[in-house]
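The structure under discussion appears below in the form of C-alpha coordinates.
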Amino acid sequence: MSSSVNLLERFRTRLGVVPTRLQLELFGADLARTSHELMSATLKELEHRVSRNAVPDLRELVLETYRRRLAGQTRLFPVMFLFETAYRSYSVARLESIYRTDEWWRPVEIALASGNDLRQINKINGSTVSRATVKTIEHILTGPGSGGLRRVGSGYELLASGTMAHVGQMIEQHWCHMISALNPKHKHRPQGRMTSQEFMGLFNRVRNARNDLFHHRLVSGQDRLIEIVEELLDLLDIHLGDTYGKIAASNVTPLAFKIPVEMRHG
(Lines give C-alpha, C1' and ligand atoms only; values in the text may rest on other atoms or scores of the structure.)
Protein backbone atom coordinates (compact mmCIF):
# COMPACT_ATOMS: atom_id res chain seq x y z
CA MET A 1 0.00 0.00 0.00
CA SER A 2 1.42 3.39 -0.99
CA SER A 3 1.98 6.13 1.55
CA SER A 4 -0.77 8.28 -0.01
CA VAL A 5 -3.32 5.46 0.07
CA ASN A 6 -2.44 4.65 3.68
CA LEU A 7 -2.82 8.26 4.81
CA LEU A 8 -6.06 8.71 2.89
CA GLU A 9 -7.48 5.59 4.52
CA ARG A 10 -6.47 6.83 7.98
CA PHE A 11 -8.14 10.16 7.23
CA ARG A 12 -11.30 8.32 6.17
CA THR A 13 -11.54 5.79 9.00
CA ARG A 14 -9.41 6.69 12.02
CA LEU A 15 -10.52 10.16 13.10
CA GLY A 16 -13.97 9.31 14.42
CA VAL A 17 -15.67 11.51 11.84
CA VAL A 18 -16.84 10.39 8.40
CA PRO A 19 -15.44 12.87 5.86
CA THR A 20 -17.52 13.95 2.90
CA ARG A 21 -16.62 12.86 -0.61
CA LEU A 22 -15.37 16.38 -1.36
CA GLN A 23 -13.18 16.37 1.75
CA LEU A 24 -11.69 13.03 0.68
CA GLU A 25 -10.96 14.35 -2.81
CA LEU A 26 -9.38 17.53 -1.49
CA PHE A 27 -7.33 15.67 1.10
CA GLY A 28 -6.11 13.32 -1.62
CA ALA A 29 -4.88 16.40 -3.50
CA ASP A 30 -3.27 17.70 -0.29
CA LEU A 31 -1.18 14.53 -0.05
CA ALA A 32 0.42 15.36 -3.40
CA ARG A 33 1.99 18.53 -1.94
CA THR A 34 2.67 17.89 1.76
CA SER A 35 5.17 15.96 3.86
CA HIS A 36 3.81 12.46 4.41
CA GLU A 37 5.90 12.00 7.54
CA LEU A 38 4.54 15.18 9.09
CA MET A 39 1.02 14.35 7.94
CA SER A 40 1.25 10.91 9.53
CA ALA A 41 2.19 12.51 12.86
CA THR A 42 -0.68 14.95 12.43
CA LEU A 43 -3.24 12.19 11.90
CA LYS A 44 -1.84 10.22 14.83
CA GLU A 45 -2.30 13.26 17.08
CA LEU A 46 -5.87 13.81 15.91
CA GLU A 47 -6.85 10.18 16.40
CA HIS A 48 -6.80 10.86 20.13
CA ARG A 49 -8.67 14.15 20.27
CA VAL A 50 -11.22 14.58 17.47
CA SER A 51 -14.80 14.79 18.71
CA ARG A 52 -17.58 13.37 16.56
CA ASN A 53 -19.78 16.38 17.24
CA ALA A 54 -17.33 19.28 17.10
CA VAL A 55 -15.70 19.12 13.67
CA PRO A 56 -17.42 21.26 11.04
CA ASP A 57 -14.60 20.65 8.53
CA LEU A 58 -12.38 17.63 9.16
CA ARG A 59 -9.92 18.46 6.39
CA GLU A 60 -9.42 22.02 7.68
CA LEU A 61 -8.78 20.67 11.18
CA VAL A 62 -6.14 18.31 9.80
CA LEU A 63 -4.46 21.10 7.81
CA GLU A 64 -4.58 23.46 10.78
CA THR A 65 -2.85 20.83 12.94
CA TYR A 66 -0.38 20.09 10.13
CA ARG A 67 0.54 23.78 9.88
CA ARG A 68 1.03 23.99 13.65
CA ARG A 69 3.35 20.98 13.53
CA LEU A 70 5.19 22.55 10.58
CA ALA A 71 5.67 25.72 12.63
CA GLY A 72 7.10 23.57 15.42
CA GLN A 73 9.65 22.22 12.97
CA THR A 74 10.60 25.54 11.37
CA ARG A 75 11.33 27.19 14.73
CA LEU A 76 14.40 24.93 14.85
CA PHE A 77 16.02 26.52 11.80
CA PRO A 78 17.63 29.45 13.71
CA VAL A 79 18.88 26.99 16.35
CA MET A 80 20.54 24.82 13.71
CA PHE A 81 21.91 27.86 11.90
CA LEU A 82 23.54 29.10 15.12
CA PHE A 83 24.95 25.68 15.96
CA GLU A 84 26.29 24.93 12.50
CA THR A 85 27.92 28.29 11.79
CA ALA A 86 29.43 28.46 15.29
CA TYR A 87 31.13 25.08 15.06
CA ARG A 88 32.24 25.53 11.46
CA SER A 89 33.86 28.88 12.33
CA TYR A 90 35.29 27.61 15.62
CA SER A 91 36.89 24.63 13.88
CA VAL A 92 38.47 26.83 11.22
CA ALA A 93 39.92 29.18 13.84
CA ARG A 94 41.39 26.27 15.82
CA LEU A 95 42.88 24.62 12.74
CA GLU A 96 44.57 27.88 11.78
CA SER A 97 46.04 28.02 15.29
CA ILE A 98 47.13 24.36 15.30
CA TYR A 99 48.94 24.55 11.95
CA ARG A 100 49.93 28.23 12.27
CA THR A 101 48.63 29.04 8.79
CA ASP A 102 45.30 30.02 7.32
CA GLU A 103 45.96 27.68 4.38
CA TRP A 104 46.27 24.45 6.32
CA TRP A 105 44.48 22.46 3.62
CA ARG A 106 46.77 23.64 0.82
CA PRO A 107 49.34 20.76 0.89
CA VAL A 108 46.53 18.27 0.32
CA GLU A 109 45.08 20.35 -2.50
CA ILE A 110 48.49 20.63 -4.18
CA ALA A 111 49.11 16.89 -3.88
CA LEU A 112 45.70 16.09 -5.35
CA ALA A 113 46.23 18.50 -8.25
CA SER A 114 49.63 17.04 -9.09
CA GLY A 115 48.69 13.40 -8.52
CA ASN A 116 51.15 12.94 -5.66
CA ASP A 117 50.71 10.27 -3.00
CA LEU A 118 48.78 11.75 -0.07
CA ARG A 119 50.45 9.26 2.26
CA GLN A 120 53.58 11.36 1.97
CA ILE A 121 51.89 14.24 3.78
CA ASN A 122 52.65 13.94 7.51
CA LYS A 123 53.22 17.58 8.36
CA ILE A 124 51.49 20.86 7.59
CA ASN A 125 53.64 23.95 8.09
CA GLY A 126 55.90 21.92 10.39
CA SER A 127 53.08 20.53 12.56
CA THR A 128 52.26 16.84 12.51
CA VAL A 129 49.03 15.97 10.71
CA SER A 130 47.27 12.63 11.00
CA ARG A 131 46.42 10.42 8.08
CA ALA A 132 42.76 10.69 9.10
CA THR A 133 42.86 14.48 8.80
CA VAL A 134 44.47 14.31 5.37
CA LYS A 135 41.74 11.90 4.33
CA THR A 136 39.00 14.22 5.63
CA ILE A 137 40.43 17.18 3.70
CA GLU A 138 40.66 14.97 0.61
CA HIS A 139 36.99 13.97 0.95
CA ILE A 140 35.90 17.60 1.12
CA LEU A 141 38.05 18.66 -1.83
CA THR A 142 36.94 15.79 -4.05
CA GLY A 143 33.41 15.14 -2.80
CA PRO A 144 30.08 15.59 -4.60
CA GLY A 145 29.83 18.87 -6.47
CA SER A 146 33.58 19.39 -6.50
CA GLY A 147 34.00 18.77 -10.22
CA GLY A 148 36.95 16.51 -9.46
CA LEU A 149 38.86 18.95 -7.29
CA ARG A 150 37.25 21.80 -5.40
CA ARG A 151 39.14 25.10 -5.39
CA VAL A 152 38.68 27.10 -2.22
CA GLY A 153 40.09 30.39 -1.04
CA SER A 154 39.89 29.97 2.72
CA GLY A 155 39.56 27.42 5.48
CA TYR A 156 36.03 28.62 6.15
CA GLU A 157 35.13 28.07 2.51
CA LEU A 158 36.60 24.57 2.71
CA LEU A 159 34.58 23.51 5.77
CA ALA A 160 31.50 25.27 4.39
CA SER A 161 31.85 22.99 1.35
CA GLY A 162 31.92 19.90 3.56
CA THR A 163 29.22 18.32 5.64
CA MET A 164 28.73 18.65 9.38
CA ALA A 165 30.07 15.10 9.56
CA HIS A 166 33.36 16.45 8.17
CA VAL A 167 33.33 19.22 10.79
CA GLY A 168 32.80 16.62 13.51
CA GLN A 169 35.65 14.52 12.15
CA MET A 170 38.02 17.49 12.22
CA ILE A 171 37.07 18.24 15.81
CA GLU A 172 37.52 14.62 16.86
CA GLN A 173 40.84 14.31 15.03
CA HIS A 174 42.18 17.39 16.85
CA TRP A 175 40.38 16.85 20.14
CA CYS A 176 43.15 17.88 22.55
CA HIS A 177 43.66 21.15 20.69
CA MET A 178 39.96 21.73 20.19
CA ILE A 179 38.89 21.21 23.79
CA SER A 180 41.67 23.41 25.15
CA ALA A 181 39.92 26.46 23.67
CA LEU A 182 36.45 25.60 24.92
CA ASN A 183 35.05 27.43 27.93
CA PRO A 184 36.60 25.68 30.99
CA LYS A 185 33.11 25.36 32.45
CA HIS A 186 33.01 21.89 30.93
CA LYS A 187 35.71 20.78 33.36
CA HIS A 188 33.42 21.38 36.33
CA ARG A 189 30.30 19.60 35.05
CA PRO A 190 28.71 17.05 37.41
CA GLN A 191 29.79 14.36 34.93
CA GLY A 192 33.36 15.65 34.93
CA ARG A 193 35.47 16.92 32.05
CA MET A 194 33.84 16.30 28.68
CA THR A 195 35.51 13.50 26.75
CA SER A 196 35.86 13.23 23.00
CA GLN A 197 33.41 10.34 22.97
CA GLU A 198 30.84 12.26 24.98
CA PHE A 199 31.21 15.40 22.88
CA MET A 200 30.87 13.50 19.61
CA GLY A 201 27.77 11.70 20.91
CA LEU A 202 26.12 15.06 21.61
CA PHE A 203 27.44 16.64 18.42
CA ASN A 204 26.14 13.80 16.27
CA ARG A 205 22.74 13.91 17.98
CA VAL A 206 22.43 17.53 16.84
CA ARG A 207 23.93 16.81 13.42
CA ASN A 208 21.43 14.04 12.75
CA ALA A 209 18.54 16.27 13.84
CA ARG A 210 19.88 19.00 11.57
CA ASN A 211 19.93 16.58 8.63
CA ASP A 212 16.37 15.47 9.39
CA LEU A 213 15.21 19.07 9.52
CA PHE A 214 16.96 20.15 6.33
CA HIS A 215 15.66 17.08 4.47
CA HIS A 216 12.07 17.71 5.62
CA ARG A 217 11.89 14.80 8.04
CA LEU A 218 10.23 14.95 11.43
CA VAL A 219 12.54 16.01 14.28
CA SER A 220 11.44 14.31 17.49
CA GLY A 221 12.66 14.85 21.04
CA GLN A 222 12.99 18.61 20.58
CA ASP A 223 13.19 19.39 24.31
CA ARG A 224 16.27 17.20 24.77
CA LEU A 225 17.72 18.45 21.49
CA ILE A 226 17.56 22.07 22.68
CA GLU A 227 19.27 21.08 25.96
CA ILE A 228 22.14 19.55 23.99
CA VAL A 229 22.51 22.54 21.66
CA GLU A 230 22.47 24.84 24.68
CA GLU A 231 25.28 22.90 26.31
CA LEU A 232 27.45 22.70 23.20
CA LEU A 233 27.02 26.39 22.32
CA ASP A 234 27.69 27.36 25.93
CA LEU A 235 31.15 25.84 25.48
CA LEU A 236 31.71 28.52 22.82
CA ASP A 237 30.34 31.27 25.11
CA ILE A 238 27.10 31.50 23.15
CA HIS A 239 23.89 31.63 25.19
CA LEU A 240 21.29 29.98 22.99
CA GLY A 241 18.24 31.31 24.84
CA ASP A 242 19.41 34.90 24.79
CA THR A 243 20.57 34.79 21.16
CA TYR A 244 17.45 32.97 19.94
CA GLY A 245 15.25 35.45 21.81
CA LYS A 246 16.96 38.40 20.14
CA ILE A 247 16.57 36.78 16.72
CA ALA A 248 12.88 36.13 17.35
CA ALA A 249 12.37 39.71 18.52
CA SER A 250 14.17 41.26 15.55
CA ASN A 251 12.11 43.66 13.49
CA VAL A 252 12.36 42.31 9.96
CA THR A 253 10.36 43.28 6.89
CA PRO A 254 7.58 40.73 6.32
CA LEU A 255 7.87 38.66 3.17
CA ALA A 256 5.82 40.06 0.29
CA PHE A 257 3.56 37.77 -1.74
CA LYS A 258 1.88 38.97 -4.94
CA ILE A 259 -0.25 36.07 -6.18
CA PRO A 260 -3.83 36.37 -4.87
CA VAL A 261 -5.49 33.38 -3.18
CA GLU A 262 -7.91 31.55 -5.45
CA MET A 263 -10.25 28.59 -5.04
CA ARG A 264 -7.71 26.30 -6.72
CA HIS A 265 -5.23 26.91 -3.88
CA GLY A 266 -7.37 24.76 -1.59
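The values are calculated or read from the model by the stated rules, or taken from the named source; none is laboratory data. Predicted model only: the values in this text are computed from it and were never measured. Cβ: placed from backbone, ideal geometry, glycine included. Neighbour counts: every protein chain shown. Only protein heavy atoms, including side chains, enter the accessible area calculation; ligands, DNA and RNA are left aside. Shrake-Rupley method; radii C 1.70, N 1.55, O 1.52, S 1.80 Å.
Taking the alpha-carbon distance from residue 123 and a cut-off under 20 Å, which lysines remain once sequence neighbours fewer than 8 residues away in the same chain are dropped? Within the straight-line cut-off, residue 123 pairs with 135. Each of 242, 223, 212 has its accessible area taken with a 1.4 Å probe; listed largest first, they run 223, 242, 212. Seen against the Cα atoms of the chain and their longest principal axis, helix 36-47 is set at about 50 degrees.
Between 211, 116, 183, the Gaussian network model of the chain with springs among Cα atoms under 10 angstrom shows the greatest mean-square fluctuation at 116. A protection proxy built from the mean count of other Cβ atoms within 10 Å ranks the segments 5-12, 203-210, most packed first, as 203-210, 5-12. Across all Cα atoms of segment 47-186, the radius of gyration (one decimal) and Dmax (whole number) stand at 22.7, 76 Å.
Computed from the alpha carbon atoms alone, the convex hull of segment 183-231 holds 79 Å³ per residue. Charge dipole (Cα centre; +1 on Lys/Arg Cβ, -1 on Asp/Glu Cβ; no other charges) of segment 173-262 amounts to roughly 200 debye.
Computed over the alpha-carbon atoms, segment 172-266 gives an Rg to Rh ratio of 1.15, Rh here being the Kirkwood radius from the mean inverse distance. What's the angle, to the nearest 10 degrees (0 to 90), between helix 58-74's Cα axis and the longest principal axis of the chain? Taking Cα atoms only, the helix is inclined about 10 degrees.
From largest accessible area down, sort 48, 177; use a 1.4 Å probe on the protein chains.
Working: 48 150, 177 95 Å².
Largest to smallest exposure gives the sequence 48, 177.
Centroid-to-centroid, using Cα positions, segment 1-32 and segment 111-175 are 50 Å apart.
Shown are 247, 137, whose ranking by accessible area with a 1.4 Å probe and every protein chain present, most to least, is 247, 137.
GNM on the chain, C-alpha springs below 10 Å: top fluctuator among 164, 80, 194? Comparing 164, 80, 194 in a Gaussian network model of the chain, the most mobile one is 194. Spin-label model, residue 217/residue 251: points 7 Å from Cα along the beta carbon direction are separated by 4.2 nm.
Roughly to the nearest percent, how much of the accessible area of segment 106-173 is carbon and sulfur, given a 1.4 Å probe?
Within segment 106-173, the accessible surface is 49 percent carbon and sulfur.
Counting only protein heavy atoms and a 1.4 Å probe, the chain has 57 square angstrom of accessible area per residue.
The fraction of Cα-Cα pairs per 10 angstrom bin, counted from 0 for segment 1-41, comes to 30, 61, 9 percent, rounded to whole percents.
For the chain, the longest principal axis of the C-alpha atoms and the axis of helix 3-13 are separated by about 40°.
Relative contact order (percent) for segment 16-139, with alpha-carbon contacts under 8 angstrom and 6 or more residues of separation? Provide the component values of the computation, followed by the final result.
Working: 62 pairs, mean separation 22.3, N = 124.
The value is 18 percent.
Tell me, what is the FRET efficiency for residue 41 and residue 97 to the nearest 0.05, using R0 = 45 angstrom and their Cβ-Cβ distance as r? My answer for the efficiency is 0.50.
Remark: C-alpha extents of the chain on the principal axes read 75, 47, 41 Å, sorted largest to smallest.
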